[in-house]
Each structure stands twice: as C-alpha cells, then as structure tokens.
Amino acid sequence: MKKLTKFIMSKIKIKAGFLKGKNIYVPDFIRPTQDKVKKGIFDILENKVINSIFLDLFAGSGNIGIEAISRGAKFCYFVEKSQKCIEVIKKNIRDLKIEDKTKIIKIDAEKFVKKSEEKFNVIFADPPYNYKIKREFIINTLNILKEGLLILEISKRNKLNEINDLIKREVNYGETKILFFGNLSGKF
C-alpha cells in the first residue's frame, strides 16, 4: 500500500446507509462529487437505489458507487480506465469489506457502454469536466439501462445542444450540473 500514499491526498465520508460515517480515500488528481451534490442525487433517487444493479462510470475513487451500496444497492460495477484510480477503488472496497457486492472493470467508459451485455437499474457517469459529451455515448448508455435512470454529472459550462431532447431533469449546484435521463417515475 505504500505506493498508494504517493497520490492519496484526502478522505471523504459516506453520508448514509450501513456504511454511514466511514471514510473512503480520494486520489489528489481527481475531482470527487461534492457532498451537497451527492446528497441531492440520492434525494432525487429516493429508494430507487435499493436492490438495484448500479453502474459507476468514470468511477474515480468509487465514491458514488460505494454510497449506492451503503444505501442498499444489491451490486455495483465500477468502470475506470486509470490504474491509479482502480488501486484506490480496490483499497476502499477492501477496507469497507464489500468485495462481494462489487466488480471493478478497467476499460474506457465509452468502450464499456458500447459492448456491455449487462443491464443496469441506475447508471452514474461523472466524466472529467473537459470531456466532450456525445449523443452516441448517451444513447449507448441508455441502451444498457433496464427501465432505469442515467445520472450525468458535468460542468454547467458544458454545451449539450445535441442531447437536450433526451434530458428528463436538470439540477444545478454551483458549477456542477446534474442531468437525468431515462425513467424518473416509479420503482425500477
């Protein structure tokens, strides 16, 4: 674990559920989802995360996927292409003893959504703020939903003209914009 300490800078707390108050590590080179944004997302999701198959795309530290497990998700897939981030996710999962509820996949998120045969109830995507969101990526991601919900965290400066017709709900938190696609009503 000594090699992890070279780039782990901080810890954040899990906000709710059976892991509430536990810390997870966050590498210093990523931007984790802010607490107020995380709370807002899960407030909107309400109980939809319970017993869900959850996908955390561009997983970073695994912050949102681990929060989903804590709040009752049955299983979470973490998709991340950075080996450094994967090492941090592995450590977080091991420290929290939730290995049986998780799977880490090292691949680019766009490639994953194009080839995945798995279906998910909730998909959370938090690409880097300079990432260009393409309609094809949104469509491919929606195709792996099972009557569920896609949540996309982006910069409010990101121009999304080519996907505006697909957005079901938008919520802003300072510089962060959260977009919802798919089934917002009912349990899935």
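The values are calculated or read from the model by the stated rules, or taken from the named source; none is laboratory data. Only a predicted model underlies this, so the values are computations on that prediction, with no experimental measurement involved. With ideal geometry, Cβ positions are generated from the backbone for all residues, glycine too; neighbour counts draw on all protein chains shown. Calculation scope for accessible area: heavy atoms of the full protein, side chains included, ligands and nucleic acids excluded. Shrake-Rupley method; radii C 1.70, N 1.55, O 1.52, S 1.80 Å.
General observations
- Single unsatisfied condition, K84 versus (1) within 25 Å of K22 (Cα to Cα); (2) without any contact (Cβ under 8 Å) to a residue 40 or more places away in the chain: (2)
- Single match in I105, I64 (criterion: part of a helix (DSSP H, G or I), touching a residue at least 12 places away in the same chain (Cβ under 8 Å) and either open to solvent by less than 70 Å² (accessible area, probe 1.4 Å) or not basic (K, R) (or both)): I64
- Residue within segment 142-153 that is modelled with pLDDT of 95 or more, over 14 Å from the mean Cα position of the chain (by Cα) and β-branched (V, I, T) present: yes
- Segment 154-167: number of residues that are at pLDDT below 90, part of a loop (DSSP other than H, G, I, E, B) and not charged (D, E, K, R): 2
- Top-ranked residue in segment 82-100 [being charged (D, E, K, R), out of contact with any Leu (no Cβ under 7 Å at 6 or more places or on another chain) and over 13 Å from I30 (Cα atoms); ranked as most open to solvent (accessible area, probe 1.4 Å)]: K97
- Inter-residue pairs, beta-carbon under 7 Å, first in contact (Cβ under 8 Å) with a residue 12 or more places away in the chain and more than 15 Å from D126 (Cα to Cα) and in segment 137-165, second open to solvent by 10 Å² or more (accessible area, probe 1.4 Å) and acidic (D, E), 6+ apart: I144/E118
- Residue, farthest from F54 (Cα to Cα), within segment 125-153, restricted to residues that are open to solvent by less than 10 Å² (accessible area, probe 1.4 Å) and part of a strand (DSSP E or B): E153
- Selection status of F78, under 14 Å from the mean Cα position of the chain (by Cα), on the phi < 0 side of the Ramachandran plot and not in a helix (DSSP H, G or I): yes
- Sole exception among (1) charged (D, E, K, R); (2) over 19 Å from K20 (Cβ atoms); (3) modelled with pLDDT of 95 or more for K74, by number: (2)
- Failed condition for D43, given (1) under 26 Å from L160 (Cβ atoms); (2) assigned to a loop (DSSP other than H, G, I, E, B); (3) free of Cβ contacts under 8 Å to residues at least 12 places away in the same chain: (2)
- Top-ranked residue of segment 168-188 - restricted to ones that are among the hydroxyl-bearing types (S, T, Y) and either within 19 Å of E46 (Cα to Cα) or assigned to a helix (DSSP H, G or I) (or both), ranked as most open to solvent (accessible area, probe 1.4 Å): S185
- Flag if K48 is open to solvent by 10 Å² or more (accessible area, probe 1.4 Å), touching a residue at least 40 places away in the same chain (Cβ under 8 Å) and more than 14 Å from the chain's Cα centre (by Cα): yes
- Residues within segment 18-33 that are part of a loop (DSSP other than H, G, I, E, B), in contact (Cβ under 8 Å) with a residue 40 or more places away in the chain and either open to solvent by less than 50 Å² (accessible area, probe 1.4 Å) or not hydrophobic (A, V, I, L, M, F, W, C) (or both), tallied: 6
- When V113, V122 are screened for being in contact with a Ser or Thr (Cβ under 6 Å, 6 or more places away or on another chain) and in a strand (DSSP E or B), only V122 passes.
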